[in-house]
Structures are given as C-alpha cells and as structure tokens.
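Worksheet: the structure to be examined is printed underneath.
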Amino acid sequence: MVNNSGDTVGEWYAGNVEGSPMLGVMTLWDSYQLRAYGNKAGPIIDYPDQRGNAPWGLGNAVAGPQSGYAWEFDYDAYTNTTGTAAQKIQAAIKIGPWKRIQYPGGQISLDEPGSKSKLIGYTAIDASTVGYDLNPDNPLPPETTAIRFAIGQLELGRPEFSAVKIRVTQLPKETHC
C-alpha cells in the first residue's frame, strides 16, 4: 500500500525479502519501529531474554523531544551506516519526530536515562505547559502531515476520547487510495 506521503508500508515478517512492504502498518515511521524491536521473529535490536521487547527509552508510539521516552529507531540510518551491528544500531537511535500538544492535566514520564531508581514507572511530572500551544489563534503549522493521539493508563471498560477538527485549506495534487 502507498500512504498519503508516498511511502510503501505494510507488514514485514521473517522470510520476507528485505524491503518488502509492511501490511497493516500505516506509516513508514511505524514500520521502522516494528523492524527495530517489535517483531518477535527477528527484530534488529534483539536481546535473547527480551525478544521483541523495546529497550529502555524506545518503543513509544509518540517518541519525540517532549516525551519521557523520546527515542526512535531510524532504519535508513541503520542501513546506511557501516561497522558492527552495535555501531549500526547506535547510529540509528535518535530523538523521535513527534511533537507534544499542551493540554490541561498532561503528564510526562519522570524516567531518566540509565536511572536505577525504583520510583520509575507511574512516576510523572506535570506537562500541562509543555509542547505546542494549539489554539484557534495558533493552529498547527502548514507542514503538519500527521496527528497521533497517545492516551496513557487506559483501563478496560473506561472510555477515553480524543477529537480533532480539521480544515482543508488546499486540495492535494494527487490522491492515493
């Protein structure tokens, strides 16, 4: 499938030819994260006792500079780096692209890289003033191509809602179905 950004995405699994599409994954960014540590059949970052689990600081669906887990895996950097597997992995770990939007009651993880503290987990700090101040007088920038919601501590049977109102100011030149 080709998404609206022109990326071929879909599911990647063991036995597939390298570079084949990843069905079910809607963005190229998500497919990179899946290749890194979300594939139990053979993730790139693979610890024998944690197969398919993301290492500390990775695995956030909204990784970015204002997130407690800020790091992403850049598959292009991984494939374009020479050296050992460890060097290639290190070159591919970067701050993620997602930007936070301010909202009342927002929180960010208090986790710190390498911390051995037993306080991590549900520990958080107030983040209601962290991120982009989205309001009618300050809309999203025109170069915005995606909006992603991340709601923490979901509970079975308790509904959570997110909403966005979009106004199209210019029709795309080409559409993909």
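Search the structure for amide H atoms under 5 Å from the amide H of Gln107, placed 1.01 Å from N in the peptide plane, and list their residues when 5 or more places away or on another chain. Amide H neighbours of Gln107, under 5 Å, 5+ apart: Ala127. Based on the Cβ-Cβ distance from Asp133 to Leu28, what FRET efficiency comes out when R0 is 25 Å, to the nearest 0.05? My answer for the efficiency is 0.30. Packing order of peptides 157-170, 62-75, 95-108, highest average first: 62-75, 95-108, 157-170 (average count of other Cβ atoms within 10 Å over each peptide's residues). Modelled label positions at Thr145 and Ala77, each set 7 Å beyond Cα in the direction of Cβ, lie 1.8 nm from each other. Amide H to amide H, with H built 1.01 Å from N, Ile93 comes under 5 Å of Asp74, counting only residues 5 or more places away or on other chains. The modelled label-to-label distance for the pair Arg158/Ile95, using points 7 Å beyond Cα in the direction of Cβ, is 3.2 nm.
We did not get these values from a lab; they are worked out from the coordinates using the rules stated. If you're wondering where the values come from, they're calculated on a predicted model, not measured in any experiment. Using ideal geometry, Cβ is built from the backbone for each residue, glycine included, and neighbour counts are taken over all protein chains shown.
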